[in-house]
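Take a look at this one; I'll ask things after.
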Amino acid sequence: LPLRFRVGKEDVSPFVTITDAQAHLRLLAAFDKLKRDVYDIHSSQSEGEEGERDTPRDPHRAWVVFVNRAVYRFDQFMSGKWTSDFPRWSETAILPLDVIMVWHTYLLNPRTYHEDSIRRTTPFARRLAAMESMPLTLIASLIDSTTLEMALPSAQREAFFESTSGLPFMYSLKTTYSDVVTLRCPCCNTMNPTVQWITRKGDEEGKGEGFAEPDFVHQCDWCSREFTRTMMGVRKFCEEFTRRRAHRKVFFAETLLDPMTGKPDEMLSEMLSLRLVRRINAVFKLDNKPCEQDQITQEATNLAKSIDWNPQELSALIHKGLRPRQTYHVYDEQLPRVKRILAAYSLPGYASIDLVAAVLRQGSFIEKMKELGWLESSRFQHSENQATLLRAIARYHAFLDLMAANPRSFLVPTVDIDLIWHTHQLSSAAYRADTLRLLGRAPNHDDAVQPTTLQSAYDNTAAAWKIRFGVAYSVCGCMPDAGPKPKMFEFAKKEEAPTKSKTTDGGKIFGLFKSKKAKMSSGKHEVTTEEPEVAMEPSKNWNEEDLVSKDLDEADSSHPSDHNLYVQVTKGEAVQPDLVGRELASKQRVASVKKGLERAVSQRTEGSGSFECEGETSKVDEWRKLQAERKECRTDHREAFTSKEGANGPYYPYWGVSIEPSPGFFGAVKYKDAVGDCASGCASCGSAP
């Protein structure tokens, strides 16, 4: 591994070492083993009579239930009261594996994690701040390399978790219909100790009403009112609002960080919060006097009752608060920032993200690592087998260099780059400091992105990479890169009068290309065979062998990372065309490469490596040739950003995995739905419609 990498204008030491990457892979292997254990224990149960079975019949559903319980355990530990400061990292402070899995996923959403750690002064926020960097090597040392089981905990380790969370250290792989959880009613604020995790109705798809099922509803033991997750989320907003009135430190979720850079902007957050407070005070005729500390709970309950625990009513209040001069109706399209705020307050718990859905989406990335064979304990054990992992580290730093060269771009990583990116993000403080210094922003890692957005962004990334570093971005057997534009079109362009570009979504979103032919409209995605024009300077600071390998055994490591593919298809609908049309477009590019090679052979001049055509000289692109060859010979290789299952994957029936991505931004880039000309879509910009 080189001692220094060139990223932007700086030479930097590697942000991730091979030891870090190996430790991360062992942890992912332990997560995979945990999932298989849940599957196996439910798959191996005898069917018996319908009335005799006390656990879910479907192992997929059982895993979703397990993840729900893991998120609850994480929330209980993080919000538990401390008797002292968080201890220094040692074996006694390491959490159970299921809780580590949730913490791992939370860290992979760096902006949300950071904002949640600083926007309040609760025990949850303070613990997030104290645990902003995961001790990967320490955790990996507690995982047996053969069995992938964590070492039995010491008595001190068990006591630390149990005294803080009030829950047993050891988790249960099974959840029965009689298992219950204690929840606080958002209507009367009393505890309900008999809320079921799952119900027998859940055996029918979409019918479950337990807390670990998507259609959760429970009738309060005290006030007899039925409440849901959404109502608990509205109550969470009301409590934060009331605590702010009591002069507690509270910044509302999705208001504190600058959307472009990820840096805290307290001035903007204060302005937005003041507007919200004024609006709600005016609507419900609340006193401008501060709320008394001992009245916070009751005031929050009264406010939630006034809103009727209704997210639509809350949406209207937030809209009118942020944009008081704009007429708004409940059926109107929500502003981007309002969508993000409502998403943060649409579920219970202290986190501003649906951690259940996030953990489930991360499962597809772990599965990809498993397919590559990277989770096998012996895969990178010896130095002679570590070239692939070393190259992944180099490629990640080149990826950062590409980001530095294109500060307004949305770049899509390959799976090897994604692994190292994830590893870097697990050191949250270092990740923020490194990226803010080099890129001027802390890129978020969005794990729910529309197919057309991912496809276009990846094509743009591959083209920019090739210009910047002179090598192909991916040689796995997916779609070849776009080819060069014929010169006849260039001459034609010169004769055209300059007009304002009606660029497609890709041109507006990514800021990387002057023009491109890939269009996204009416749900369709057309892929051009011509190379986009890229505003990019080539870099001479990288060696070809550090950035790509022609070894077929390493081909899959450069597969585009599409674990964050977001699909939303109503039951009974056909799979979106974007998910199947790309394979056809790929065949067109292969045909284009073949045609170019045939012309090269037929028109090649004597002793020359080029061919002539109507006065122009062209060279055969060896990288496109290799990509086309692999596309044809690797017939079993799945084209990236396509899905044979569509929305019928195992998680869609059981949980809201296909929730909308955070509106307005992917990473730090404004896209077409964002409001206003300030490139933030913040709803406070006077230029917004």
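The values are calculated or read from the model by the stated rules, or taken from the named source; none is laboratory data. Owing to the predicted nature of the structure, the values given are computational and were not obtained by experimental measurement. FYI the Cβ positions are ideal-geometry reconstructions off the backbone, even for glycines, and counts take in every protein chain you see. To get the accessible areas, we keep the full protein, side chains included, count just its heavy atoms, and leave off ligands, DNA and RNA. Shrake-Rupley method; radii C 1.70, N 1.55, O 1.52, S 1.80 Å.
For Cys185, which of the numbered conditions (1) crowded, with 18+ Cβ neighbours inside 10 Å; (2) closer than 29 Å to Ser90 by Cβ; (3) over 29 Å from the mean Cα position of the chain (by Cα) fails to hold?
(2)
Also: Restricting to region 282-294, and then to whatever is in contact (Cβ under 8 Å) with a residue 12 or more places away in the chain and not in a loop (DSSP other than H, G, I, E, B), can you tell me which residue is farthest from Lys320 (Cα to Cα)? Show your work before the answer.
From region 282-294, those in contact (Cβ under 8 Å) with a residue 12 or more places away in the chain are 283-284, 286, 290-293; that's our starting set.
Cutting the leftovers down to not in a loop (DSSP other than H, G, I, E, B) gives us 283, 293.
Values: Val283: 10, Gln293: 28 Å.
So the residue we want is Gln293.
Return the pair list, or none, for Cβ contacts closer than 7 Å from residues in region 57-86 that are within 20 Å of Pro214 (Cβ to Cβ) to residues that are open to solvent by 30 Å² or more (accessible area, probe 1.4 Å) and assigned to a helix (DSSP H, G or I), at least 6 apart or on different chains.
Final answer for the pair search is Arg57/Asp203; Pro59/Tyr39; Pro59/Ser43; Trp63/Lys35; Trp63/Tyr39.
Output the residue which, of all residues in region 375-389 that are outside any loop (DSSP other than H, G, I, E, B) and of a type outside the set (Val, Ile, Thr), is nearest to Ser558 (Cα to Cα).
Leu389
Let me ask another. Does Tyr458 count as in contact with a strand residue (DSSP E or B) (Cβ under 6 Å, 6 or more places away or on another chain), within 21 Å of Ala394 (Cα to Cα) and modelled with pLDDT of 60 or more?
yes
Moving on to the next point. Note down all Cβ pairs under 7 Å where the first residue falls in region 25-44 and is without any contact (Cβ under 8 Å) to a residue 12 or more places away in the chain and farther than 16 Å from Met150 by Cβ, the second is open to solvent by 10 Å² or more (accessible area, probe 1.4 Å) and assigned to a helix (DSSP H, G or I), and they're at least six residues apart or on different chains.
Short answer, once both residue conditions are applied: none.
Shifting gears a bit: Run Leu402 past the list (1) under 22 Å from Ala21 (Cβ atoms); (2) assigned to a helix (DSSP H, G or I); (3) open to solvent by 10 Å² or more (accessible area, probe 1.4 Å) and report the number of the one that doesn't hold.
Answer for Leu402: the failing condition is (3).
Go through region 123-152 and give me each residue that's assigned to a helix (DSSP H, G or I) and under 22 Å from Gln22 (Cβ atoms).
Those that are assigned to a helix (DSSP H, G or I) and under 22 Å from Gln22 (Cβ atoms): Leu136, Thr137, Leu138, Ile139, Ala140, Ser141.
Note down all Cβ pairs under 6 Å where the first residue falls in region 361-380 and is closer than 15 Å to His422 by Cα, the second is of a type in the set (Phe, Trp, Tyr), and they're at least six residues apart or on different chains.
Matching pairs, first to second residue: Ile366/Phe31.
How many residues are under 20 Å from the mean Cα position of the chain (by Cα), open to solvent by less than 20 Å² (accessible area, probe 1.4 Å) and under 18 Å from Ala344 (Cβ atoms) when one looks only at region 113-147?
5
Determine whether Arg408 is charged (D, E, K, R) and touching a Phe, Trp or Tyr at 6+ places or on another chain (Cβ under 8 Å).
Judged against the criteria, Arg408 is a match.
Go through (1) more than 30 Å from the chain's Cα centre (by Cα); (2) under 30 Å from Val16 (Cβ atoms); (3) polar (S, T, N, Q) and name the single condition Ser178 misses.
Among (1) more than 30 Å from the chain's Cα centre (by Cα); (2) under 30 Å from Val16 (Cβ atoms); (3) polar (S, T, N, Q), the lone unmet condition for Ser178 is (2).
Being more than 26 Å from Cys223 (Cβ to Cβ), part of a helix (DSSP H, G or I) and open to solvent by 40 Å² or more (accessible area, probe 1.4 Å) is the requirement here; does Glu270 meet it?
yes
Now for a different question. Does Arg73 satisfy being touching an Asp or Glu at 6+ places or on another chain (Cβ under 7 Å) and modelled with pLDDT of 95 or more? So that I can check it myself, show each step before the final result.
Values: touching an Asp or Glu at 6+ places or on another chain (Cβ under 7 Å): yes; modelled with pLDDT of 95 or more: yes.
Here the answer is yes, as Arg73 does meet what is asked.
Would you pick out the residues in region 356-368 that are out of contact with any Asp or Glu (no Cβ under 6 Å at 6 or more places or on another chain) and closer than 20 Å to Ala70 by Cβ?
Across region 356-368, the qualifying residues are Val356, Ala357, Ala358, Val359, Leu360, Gln362, Gly363, Ser364, Phe365, Glu367.
Evaluate the following for Lys81: is it under 21 Å from Pro168 (Cβ atoms), part of a helix (DSSP H, G or I) and not hydrophobic (A, V, I, L, M, F, W, C)?
Considered against the rule, which asks whether it is under 21 Å from Pro168 (Cβ atoms), part of a helix (DSSP H, G or I) and not hydrophobic (A, V, I, L, M, F, W, C), Lys81 comes out as no.
What's the total number of residues in region 233-267 that are of a type in the set (Ser, Thr, Tyr), open to solvent by less than 20 Å² (accessible area, probe 1.4 Å) and outside any helix (DSSP H, G or I)?
Step one: of region 233-267, the residues of a type in the set (Ser, Thr, Tyr) are 242, 255, 261.
Adding the requirement that they be open to solvent by less than 20 Å² (accessible area, probe 1.4 Å) leaves 242, 255.
Filter once more, so that each one left must be outside any helix (DSSP H, G or I): 255.
Going through region 233-267 one residue at a time, the tally reaches 1.
Next question, about the same structure. What are the residues in region 188-232 that are surrounded by fewer than 22 Cβ atoms within 10 Å (Cβ to Cβ) and among the small types (Gly, Ala, Ser), if any?
Gly206, Ser224
Now, a different point. Take the residues of region 550-591 that are in a helix (DSSP H, G or I), modelled with pLDDT of 55 or more and among the acidic types (Asp, Glu): which is surrounded by the fewest Cβ atoms within 10 Å (Cβ to Cβ)? Lay out the reasoning, then the answer.
Of the residues in region 550-591, the ones in a helix (DSSP H, G or I) are 552-558, 577-591.
Okay, now just the ones that are also modelled with pLDDT of 55 or more, so 552-558, 580-591.
Right, trim to among the acidic types (Asp, Glu) and you get 553-554, 556, 583.
Numbers: Asp553: 9, Glu554: 18, Asp556: 21, Glu583: 14.
Per the criteria, the residue is Asp553.
On the given criteria, is Leu389 under 27 Å from Ile18 (Cβ atoms) and open to solvent by 10 Å² or more (accessible area, probe 1.4 Å)?
When the stated conditions are applied, Leu389 does not pass them.
Just for region 317-355: of the residues that are of a type in the set (Val, Ile, Thr) and part of a helix (DSSP H, G or I), which one is modelled with the lowest pLDDT?
Val338
Limited to region 1-27, what total is found for residues that are in contact with a strand residue (DSSP E or B) (Cβ under 6 Å, 6 or more places away or on another chain) and basic (Lys, Arg)?
So the first thing to find is which residues in region 1-27 are in contact with a strand residue (DSSP E or B) (Cβ under 6 Å, 6 or more places away or on another chain), and the list is 4-5, 12, 26.
Adding the requirement that they be basic (Lys, Arg) leaves 4, 26.
The total comes to 2.
If you don't mind, there's one more thing I want to ask. Looking at region 308-317, is at least one residue surrounded by 21 or more Cβ atoms within 10 Å (Cβ to Cβ), more than 27 Å from His114 (Cα to Cα) and touching a helix residue (DSSP H, G or I) at 6+ places or on another chain (Cβ under 7 Å)?
yes
Of all residues in region 2-32, how many are of a type outside the set (A, V, I, L, M, F, W, C) and surrounded by fewer than 16 Cβ atoms within 10 Å (Cβ to Cβ)?
Qualifying residue count for the region: 8.
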